[in-house]
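A quick write-up on the structure given underneath.
Here, each number is a calculation from the coordinates, and none is a lab measurement. Predicted model only: the values in this text are computed from it and were never measured. Cβ: placed from backbone, ideal geometry, glycine included. Neighbour counts: every protein chain shown.
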Amino acid sequence: MRKLIAEFIGTAVLVFMGCGTAMLVGCDAASGSGYLITALAFGLTIVAMAYCVGNISGCHINPAVSLAFLIRGELSKKDFIGYAIAQVLGSFFGCCLLAVIFSLGKVEDMTGGFGANALAGVNGSFAAGLIVEIVLTFIFVLTILGVTSGKFDHGSFGGLIIGLALTFVHILGIGLTGTSVNPARSIAPAIFAAAKGNAAPIIALWVFIVGPFVGAALAAYVYDFLEYEN
């Protein structure tokens, strides 16, 4: 139960800080600084949570990451299901906090929908968006597996490396899909955006579920191959 609570908290903080920052600064081509600030918000949240709940649950706070560990045999099916549920619930809680704050404070949501992912940057192309999410998730999860494999000692820098990797993929991905690489991060904002009348994120939501899962699975199999010793 403590692991599930840790995953819930971690994902809630990720959505609150990452999507909240996107809502404040906006993410459009005319304001490149908004890309960097939002990318840093997501990355720094991972750094903070890695050192906060990492020793408790591993700080997956992402069903795609949990899937990779499931494929590698480092997470049971029962734990995977529990982690995924806790992560999605955490995402909803983070969105609820943002909804309350932005409503009570009469703050404008510069993204038009809780920092939800969309395909505007790829001109609405589902295929292009899917490729973007698969590749970015592959890079991110491959980094995580390399840092946590145990074959090399990264000391106390593991959380920092993973956080920088998330920042790295966001810098490119924000302008294309808003960067998901995390189904839990995408589900709640899409539903909250739809409740506000913005249907685009919910229509494209499957891309931000399928893409990260496929990318994570590929990363797990590729890393198993790279790590295998005869």
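Would you please put 175-183, 50-58 in order of how densely packed they are, using the mean number of other Cβ atoms within 10 angstrom per residue and starting with the highest?
175-183, 50-58
Please give the peptides 162-168, 40-46 ranked by average Cβ packing (other Cβ atoms within 10 Å per residue), highest first, as a rough proxy for protection.
40-46, 162-168
Could you give the length gained on full extension between TYR221 and ARG2, defined as 0.36 nm per residue of separation minus the Cα-Cα distance, in nm?
That works out to 75.9 nm of additional length.
Let me know the whole percent of all Cα-Cα pairs from the range 2-227 that are separated by more than 20 Å.
Tail of P(r) above 20 Å: 54 percent of Cα pairs.
Report the local net charge at LEU218: Lys and Arg +1, Asp and Glu -1, summed over other residues whose C-beta lies under 14 Å from its C-beta.
Summing Lys and Arg as +1 and Asp and Glu as -1 gives -1.
Evaluate Rg over Rh across the range 145-210, taking Cα atoms for both radii and Kirkwood's formula for Rh.
1.13
Among LEU75, LEU14, LEU98, determine the one that fluctuates most according to a GNM of the chain built with springs between C-alpha atoms less than 10 Å apart.
Of LEU75, LEU14, LEU98, the most mobile in the Gaussian network model is LEU75.
Give the total of Lys-Lys pairs in the range 2-227 with Cα-Cα distances below 26 Å; include a pair only if its members are 8 or more places apart or on different chains.
Close lysine pairs under the 26 Å cut-off: 5.
The range 84-140: percent of C-alpha pairs farther apart than 15 Å?
For the range 84-140, the fraction of Cα-Cα distances above 15 Å is 65 percent.
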